[in-house]
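Data block below; observations after.
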Amino acid sequence: MQRAHEAEDAIARGDKNYADGDYEQALNEYKTALDLLPIAPATQALRDAASLRYCNAAVHLARQRAQGG
């Protein structure tokens, strides 16, 4: 379960980046979390959380770039 703890840490870092408006770094952290977590029933809830956050950060980053930021 070490990888699950590492994934939780990556999600927490991503959440901080997201709150700070650093959507690109948030994407990187959420991707790290997804890469750490196997596709398995025991990790599905955590994968779902990372995946949802990844999608939200991607949308915000796209909007930011579309506005020229």
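The values are calculated or read from the model by the stated rules, or taken from the named source; none is laboratory data. What you see is a predicted model; the values in this text were computed from it and never measured. Every residue, glycine among them, receives a Cβ derived from its backbone with ideal geometry; neighbour counts consider all protein chains shown. Keep in mind that these areas ignore ligands, DNA and RNA; they rest on the heavy atoms of the full protein, side chains included. Shrake-Rupley method; radii C 1.70, N 1.55, O 1.52, S 1.80 Å.
Side notes on the structure shown:
- Ala49 being in contact (Cβ under 8 Å) with a residue 40 or more places away in the chain and surrounded by 12 or more Cβ atoms within 10 Å (Cβ to Cβ): no
- Test: residue in region 21-41 that is among the small types (Gly, Ala, Ser), over 10 Å from the mean Cα position of the chain (by Cα) and on the phi > 0 side of the Ramachandran plot: yes
- When residues in region 24-45 are screened for being in a helix (DSSP H, G or I) and either open to solvent by 40 Å² or more (accessible area, probe 1.4 Å) or among the β-branched types (Val, Ile, Thr) (or both), 11 of them pass.
- Scanning region 11-46 for residues that are among the hydrophobic types (A, V, I, L, M, F, W, C) and either touching a Pro at 6+ places or on another chain (Cβ under 6 Å) or touching a residue at least 40 places away in the same chain (Cβ under 8 Å) (or both) turns up Ile11, Leu46.
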